[in-house]
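The values are calculated or read from the model by the stated rules, or taken from the named source; none is laboratory data. Treat the numbers as computed from the prediction; the structure is a model and nothing was measured. Here Cβ is always computed from backbone atoms with ideal geometry, including for glycine, and neighbour counts include all displayed protein chains.
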């Protein structure tokens, strides 16, 4: 650090995935009697829990997490063509410190979400079907819509009898 008169300390630990590859440290500065810098020493910060990024199919990711990422703070991106059943629970069972778990099918762009305007004229089954498509990346099937319609009917009946 020759010639440096100031250094931004930053955080002692990586607190964001944007800092995942940063090497955190503390600088020890020794001053001489006249106030000039006599010596500096860069001490690497301990890394109690690393930040990791893991991408792949659920099976690939579960194998990878179990081997070498189990104790890391992890951002997980699952690339299966459809969202696997119980994806988050299965990831958490192998990696309890997973912080971000997302589904992004291979070859797809990160999805932007479109807001759905909900008002009295909007069919609640269509809103729920849009949610199914958002979560699975495929439109709700006729069978799934029938289940949603049954659930809506039961909710309406329960509301009327209350």
Check: List pairs: first in the stretch 93-107 and on the phi < 0 side of the Ramachandran plot and in contact (Cβ under 8 Å) with a residue 60 or more places away in the chain, second surrounded by 13 or more Cβ atoms within 10 Å (Cβ to Cβ) and part of a strand (DSSP E or B), Cβ under 9 Å, 6+ apart or cross-chain?
Finding: 100/74; 100/75; 100/76; 100/77
Margin query: Please verify whether residue 135 is under 18 Å from the mean Cα position of the chain (by Cα) and modelled with pLDDT under 80, treating the condition exactly as stated.
Written below: yes
Next item on the list: Specify the residue that is nearest to residue 84 (Cα to Cα); the eligible residues are those in the stretch 43-64 that are exposed (fewer than 12 other Cβ atoms within 10 Å of the Cβ) and touching a strand residue (DSSP E or B) at 6+ places or on another chain (Cβ under 7 Å).
Entry: 44
Item checked: Tally of residues being in contact (Cβ under 8 Å) with a residue 12 or more places away in the chain and not in a helix (DSSP H, G or I) across the stretch 30-66 -> 17
